[in-house]
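The values are calculated or read from the model by the stated rules, or taken from the named source; none is laboratory data. This one's a predicted model, so the numbers in the text were calculated from it and none came from an experiment. A quick note on method: Cβ atoms are made from the backbone with ideal geometry, for glycine too, and the neighbour counts reach across all protein chains shown. When the accessible area is computed, the model is the full protein with side chains, heavy atoms only, and any ligands, DNA or RNA have been set aside. Shrake-Rupley method; radii C 1.70, N 1.55, O 1.52, S 1.80 Å.
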Amino acid sequence: MQSEVRVSSQEPIDHISENIYGHFAEHLGRCIYGGLWVGDDDRVETEDGIRMDTVSLLRGLNMPVLRWPGGCFADDYHWEDGVGPREDRPRRRNLWWTQGRENVPEESNEFGTDEFLRLCQLLDTDPYIAVNVGSSTPQEALDWIEYCNYGGDTELADRRRENGQEEPYGVKYWGIGNENWGCGGRFAPDEYADEYRRFANYFNGFDKLMNEDSTEFIACGHLTDDWNKVFFDSLNGGMEFGPGSFLGMGSPFNLMDHFSVHRYYQAGGDTDFTDEQYYKIFARAQKVGGDIDRAAETISEYVPEGEIGIIVDEWGVWHPEARSDNGLEQENTVRDALTTAGVLDLIHARADVVSMANIAQLVNVLQCLVQTDEEAAWRTPTYHVFDLYENHVGQTALETSVDTEQREIEGEDHDVPMVSASASEGDGELFVTASNRRHDEAELLTVDVGSSAYSVSSATVLFEDNDIREYSTKENAESFEASDLAVTDDGDGTITFEAPPASVVGLTLTE
Ligand code: AHR
């Protein structure tokens, strides 16, 4: 079969925020405990209790940002449980992930704020902390930001110093709640608006006290427009905007930098799925694009474009095999990785509004990037897609259209294009990613970048020799590595190649 990808360098979309390649780590199953933190266990190399085999694999991704401690875990978390001498930290049950379930360990609080921020230092990544709105108070949240970010001589700043960190951590991203329509408080949208305003008011006050605009606040939205609209409508507490409202702070939208949505998808099982389900999952993953478009439209009714960014801070495949009693673990297949490529293409297409995205989750849980056992750590197929796509980071996304067969999927609103692609440009380099979703046939792909100034400098392909149901294990992890792809460069901006069945291709062109 044949498809054509047309890239228009005359139509730049926007700068691709590096935070689109962000991640999420929750105290859930073996993500933190076992996956990132092993404490005194000396079966693997550690630094301050953090396992370095995982860290060294993750370093390969140049992670821009990491969201923590949840998820629903954050909605029942009290940060002071997790600071200070480890032997004094209280053991707790977390309401959402230890509720009446066998084999789910309680929270030891061995890994807390300083351990998380140490991990971020080791990974050279920006921390993003989600605070508990549902069962906590603005005071507790305010104390947390002071503990992390205050440089003066207060009890909380001194406590941080006693715990080993002299300089303020400078945590920039603060999520005000998580899924507040569910585990985060079961608030009605207008109630969450009241809570958001109350928490953000204190965070904002702290920012002003510090005399800097160094923190950014994130509201957690819903997938339905109705919920989001009531939330936005209620944010001002019924007052008029403008000077005078909000004790002189103007619009409440000044208290929000980003608005987040979550999207998970599945079709069939992790490795056990039919052909129809193989394609169906792409239709479901594509909904991320609609979520972004609808959130952007809602936001545009309240603030000028670009004032509030959209974050997709939980996204990915969540198969039925990932249950709370197994710590949300599932096999990570080539099919999953292919959906990731498609979602990243969609996010690039909305680089004008998307300010961050955080795939769920980093290690061992859901659509993880790295898996571990007691003594080893290895990459999943999804890791390789992130690795391949990294060249897009910091570039300008370009309008890209794909002329390809659209497959109708029963019960889904949208057809699935057999080829997905995106492109970006910057510093004399143009980068194109394209995936062939057909699992039984190669695709003859022509990429037209519309300029003879560019010629191909490298072409790589993922999953050329893998089956769509293959999943990563300690033994086979190396088989998902990228290999070189033969392409024909016509010298007029047209590149032709055969994309193997169920594969992802990355083309770098230089001037
Ligand atoms: O990522 C797993 C869970 O999914 C998170 O805790 C929650 O926010 C979402 O529902």
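Rolling a 1.4 Å probe across the protein heavy atoms gives the chain an accessible surface of 38 Å² per residue. Between His439 and Ala502, the built amide H atoms are under 5 Å apart, and every one of these is 5 or more places off in sequence or on another chain. The range 390-428 and the range 312-353 have Cα centres lying 16 Å from one another.
Rg of the Cα atoms in the range 399-510, relative to 2.2 N^0.38 Å, amounts to 1.15. From most to least packed by mean Cβ count within 10 Å, the peptides 293-306, 32-45, 153-166, 61-74 give 61-74, 32-45, 293-306, 153-166. Near the amide H of Val312, within less than 5 Å, lie the amide hydrogens of Val261, Met356, Ala357, Asn358, all on another chain or at least 5 residues away, with H placed in the peptide plane. Tally up the carbon and sulfur contribution to the accessible surface of the chain as a whole percent, 1.4 Å probe, everything protein left in place. Ligands and nucleic acids excluded, carbon and sulfur give 42 percent. Each 10 Å bin from 0 upward holds the following percent of the Cα-Cα pairs of the range 17-393: 5, 24, 35, 26, 9, 1, 0.
Projected onto its three principal axes, the C-alpha set of the range 310-418 covers 45, 38, 23 Å, listed from the longest axis down. Shown in residue order for the range 10-23 are the 3J(HN,Hα) couplings computed by the Karplus curve 6.51 cos²θ - 1.76 cosθ + 1.60 at θ = phi - 60°: 7, 10, x, 8, 4, 5, 7, 4, 5, 5, 4, 9, x, 9 Hz (x for Gly and Pro).
At an R0 of 56 angstrom, the distance between the Cβ atoms of Asp490 and Lys208 translates into a FRET efficiency of 0.45.
Karplus-derived 3J(HN,Hα) values for the range 117-124, using 6.51 cos²θ - 1.76 cosθ + 1.60 with θ = phi - 60°, are 6, 5, 4, 4, 5, 5, 8, 6 Hz; glycine and proline are entered as x. Helix 225-234 and the long axis of the chain differ in direction by around 40°, with both axes built from C-alpha atoms.
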